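Q: Structure incoming, see below.
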Amino acid sequence: MKRDVAKTTMKPEKVEFFRYMLTQKINELLDEAGKTVSEMTSGVKENYPDPNDRATQESEFSLELRTRDRERKLIRKIEEALKRIEDGSYGFCLETGEPIGVKRLEARPVATLSVEAQERRERREKQFGDRDDYR
């Protein structure tokens, strides 16, 4: 479903606002990832003799890696949203083709479904335990 940005229901200024917001967020996440790598590699040099200290360090590393994994997935969603901005399909529901409300996009700029389509998907997941958006 390819759309021309000029044909979107969103004003060009609003589209640029979302492009800017998404670009800022991706840069922020990439900076944080770089800091994590730096901190984890410098922390590895410390060899704690106390098993409790080592366990605490391992636990902190594990938590940090899980956080970065979630952020990596968010980065991929942001990149996809930026591609949709470029091809003019940003702001349209992938299921119905209807516009996604600006309020929803402001709350979740990477949204790909309208509120109604998302609610249907969540009901289907709850009813059938089925998720079709694994990536």
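Q: Helix-only estimate, please: 222 nm mean residue ellipticity of the chain, summing -39500 (n - 2.57) across DSSP H runs of length 4 or more and dividing by its residues, to the nearest 500.
A: -23500 deg cm²/dmol
Q: Can you sort Tyr48, Tyr90 by 1.4 Å-probe accessible area, starting with the largest?
A: On the way: Tyr48 75, Tyr90 10 Å².
Of Tyr48, Tyr90, the descending order of accessible area is Tyr48, Tyr90.
Q: Related question: Looking at Gly34, Pro99, Thr67, which one has the Cα that reaches farthest to the positive end of the dipole of the range 33-101 (charges on Cβ: Lys, Arg +1; Asp, Glu -1)?
A: Pro99
Q: Hey, another quick one. Using the structure shown, list the pairs from Lys103/Lys126; Lys25/Lys126; Lys14/Lys73; Lys14/Lys35; Lys77/Lys103; Lys35/Lys83 with a Cα-Cα distance above 22 Å, or answer none.
A: Lys103/Lys126; Lys25/Lys126; Lys14/Lys73; Lys14/Lys35; Lys35/Lys83
Q: Something else now. Accessible area, 1.4 Å probe, largest first: how do Thr56, Thr9, Thr36 sort?
A: Thr9, Thr56, Thr36
Q: Convert each backbone phi in the range 105-121 into a coupling constant with the Karplus relation 6.51 cos²θ - 1.76 cosθ + 1.60 (shift: θ = phi - 60°), then list the ³J(HN,Hα) values in order as whole Hz, x for Gly and Pro.
A: My calculation for the range 105-121 gives 5, 5, 6, 9, x, 8, 4, 10, 10, 5, 4, 5, 5, 5, 4, 4, 4 Hz in order.
Q: Take Phe128, project a point 7 Å from its Cα along the Cβ direction, then tell me which residues of the range 75-100 have their backbone nitrogen under 17 Å from it.
A: Backbone N within reach: 95-96.
Q: Using a 7 Å offset from the Cα along the Cα-to-Cβ direction at both Arg76 and Leu30, what is the distance between the two label points in nm, to one decimal?
A: 1.8
Q: When the Kirkwood hydrodynamic radius is evaluated over all pairs of different C-alpha atoms of the chain, what value in angstrom, to one decimal, is obtained?
A: Value: 17.5 Å, from the Cα pair sum.
Q: May I ask you to give the percent of accessible area on the chain that is carbon plus sulfur, with a probe radius of 1.4 Å?
A: 51
Q: With the other protein chains left in place, how much accessible area per residue, in square angstrom, belongs to the range 3-113 at a 1.4 angstrom probe?
A: Working: 7240 Å² over 111 residues.
That works out to 65 Å² per residue.
Q: Please name whichever of Val115, Pro51, Met21 sits farthest to the positive end of the charge dipole of the chain, dipole taken about the Cα centre and charges placed at Cβ: Lys and Arg +1, Asp and Glu -1.
A: The residue sitting most towards the positive pole is Val115.
Q: Please list, in chain and number order, the residues 5+ apart from Phe92 or on another chain whose amide H is under 5 Å from its amide H, with Hs placed from the backbone.
A: The list, which skips near neighbours in sequence, is Ile100.
Q: Taking the Cα centre as origin and putting +1 on Lys and Arg beta-carbons and -1 on Asp and Glu beta-carbons, what dipole magnitude results for the chain, to the nearest 20 debye? The partial results should precede the final answer.
A: Values: 29 positive and 29 negative charges, 138 e Å.
Magnitude of the dipole: close to 660 debye.
The values are calculated or read from the model by the stated rules, or taken from the named source; none is laboratory data. Remember, it's a predicted structure, so these values are computed and weren't measured experimentally. A quick note on method: Cβ atoms are made from the backbone with ideal geometry, for glycine too, and the neighbour counts reach across all protein chains shown. Side chains included, ligands, DNA and RNA excluded: accessible areas come from the protein's heavy atoms. Shrake-Rupley method; radii C 1.70, N 1.55, O 1.52, S 1.80 Å.
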